[in-house]
Amino acid sequence: MGMNMKSITLSFVLLLYVSIGTAQSSDGVFDVTTYGAKPNADITQILEKAWKDACASPIQSKLIIPKETYTLGVITMLGPCKSPIDIVVQGTIMAPVDITGDGWIQFRYVDKISLTGGGVFDGQGQKAWASNDCHKNPKCARIPMSLKFSFVKDSIVRDITSKDSKNFHVNILGCKNLTFDHVTINAPGNSINSDGIHMGRCDGVNIINSVIGTGDDCISLGDGSRQVTVTNVTCGPGHGISVGSLGQYLVEEPVAGLYVKNCKLIGTTNGLRIKTWPASPATGSVTDMHYEDITLVDVQNPIIVDQEYCPYNKCNRKIPSKIKISKVSFKNIRGSSGTAVAVKLLCSADYPCEDVQLSDIDITYTGREGPVVSECSNVKPVVTGIQKPLICPS
Ligand SMILES: *[C@@H]1O[C@H](CO)[C@@H](O)[C@H](O)[C@H]1NC(C)=O
Ligand SMILES: *[C@@H]1O[C@H](CO)[C@@H](O)[C@H](O)[C@H]1NC(C)=O
């Protein structure tokens, strides 16, 4: 009797072990097709299940979405996970047209993940752009960003495309050491509020070898962005590479450390921009912003520090910004401007810009309002090398 019980218990334990073993994939490979994913069908629940299993895997795992087209609803891939996860997206993942909320695909509290595979995230944003009235309707429905990385550490996104996002393509919050390499972002120039990569309160973001064309900022740094490098990125259409806007809210962390190198801006409405609101409710700072080896093709406002940023006239322009901008350099910035004012440095009267350097600025403008000029206030930059236009002549 006792013997019998033991062997029954043993075989039960064995059975349990075997069934857990298959569900969790002993080799650490989790392919959505083995969970029943069918081409052109919705995989939301399937991916939730596969993510859960990958996240629980004691060994480094691979989560595979093969080269098919799938629909995916709102999903959060939540950590912390037991081991690193490589998410390989080879196919095209389509967002439903009508979802609302904060984010479509969210990664939260994970570290050591990679998102690779050459796949495409298609936000299907056309309808959302057409109905976006959030600049005038405070009760507008929330429009989800495509890919959100919140509190993600030591991770990389490589060979991935984001297309037609309803709102921002990529939003990064509270992350540390996050790299975007060979990322393609595309949406039409008139797609509203579709920032390419927006970040805030993060330390160590690298955006390299990427091509971003969209309807808003290609890259934007919100408050608390630190140590950000942008190298070999092409931007356009879009609103350029922006810091800010800052100085709109009471609690904002400093922005410190932006290194933009070897980038190209094509037909954008701004180039290299730092923007802060007048009448800011609190003091703040932007420091160590460095731009080098930048090519411009028909860029409006190629170099623009604008401390009088006030869209829709939602502020009191008479009160200067309280954001202090310092240690900013522009080196070897060349190409063509779409406006006569190629260099605009409008700093705060109460907190003038400090330690601003420009060298080898060679910008042409061939339009009617020429010649090419600069416009400056509350700044005394150190200028060396080529000066086209003449920078802040007194
Ligand atoms: C940053 O993350 C990458 C990718 O996971 C990793 O290889 C690298 O070691 C991390 N760097 C630091 C300083 O932790
Ligand atoms: C720059 O980025 C482009 C686009 O991804 C890529 O094709 C090219 O190889 C990169 N250049 C270098 C030097 O890595």
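Per-structure values
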quantity: Where only C-alpha atoms are counted, convex hull volume of the range 220-276 per residue in Å³; calculated: 62 Å³
quantity: Total charge dipole magnitude, the range 146-232, about the Cα centre, Cβ charges on Lys, Arg, Asp, Glu only, Debye to nearest 20; calculated: 220 debye
quantity: Relative contact order for the range 163-262, counting Cα pairs under 8 Å that sit 6 or more residues apart, in percent; calculated: 25 percent
quantity: Nearest-ten-degree value, helix 44-56 long axis tilted from longest Cα axis of the chain; calculated: 80 degrees
quantity: Shape metrics for the range 178-242, restricted to C-alpha atoms - Rg then Dmax, Å; calculated: 11.0, 31
quantity: The range 13-157 - percent relative contact order, Cα under 8 Å, separation 6 or more; calculated: 21 percent
quantity: Relative contact order of the chain, defined on C-alpha pairs under 8 angstrom at six or more residues apart (%); calculated: 8 percent
quantity: In nm, spacing of pseudo-spin labels at SER377 and GLU354 (7 Å Cα→C-beta vector); calculated: 2.2 nm
quantity: Qualifying trypsin sites (Lys or Arg not before Pro) for the range 88-139 [loop in DSSP, other Cβ within 10 Å: at most 11]; calculated: LYS136, LYS139
quantity: Cβ-based charge dipole, the chain, positive-most Cα from GLY240, THR283, PRO352; calculated: THR283
quantity: Farthest toward positive dipole pole in the chain [+1 Lys/Arg, -1 Asp/Glu at C-beta], among ASN186, THR364, ALA342; calculated: ASN186
quantity: Enclosed volume per residue, in Å³, of the convex hull spanned by Cα atoms of the chain; calculated: 153 Å³
quantity: Charge dipole (debye, nearest 20) of the chain; +1 at Cβ of Lys and Arg, -1 at Cβ of Asp and Glu; calculated: 480 debye
quantity: Lys, Arg +1 and Asp, Glu -1 on Cβ, resulting dipole of the range 320-394 about Cα centre, debye, nearest 20; calculated: 100 debye
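Just so you know, all these numbers are worked out from the coordinates, no wet-lab data involved. Just so it is clear, the structure is predicted and the values come from calculations on it, not from any experiment. FYI the Cβ positions are ideal-geometry reconstructions off the backbone, even for glycines, and counts take in every protein chain you see.
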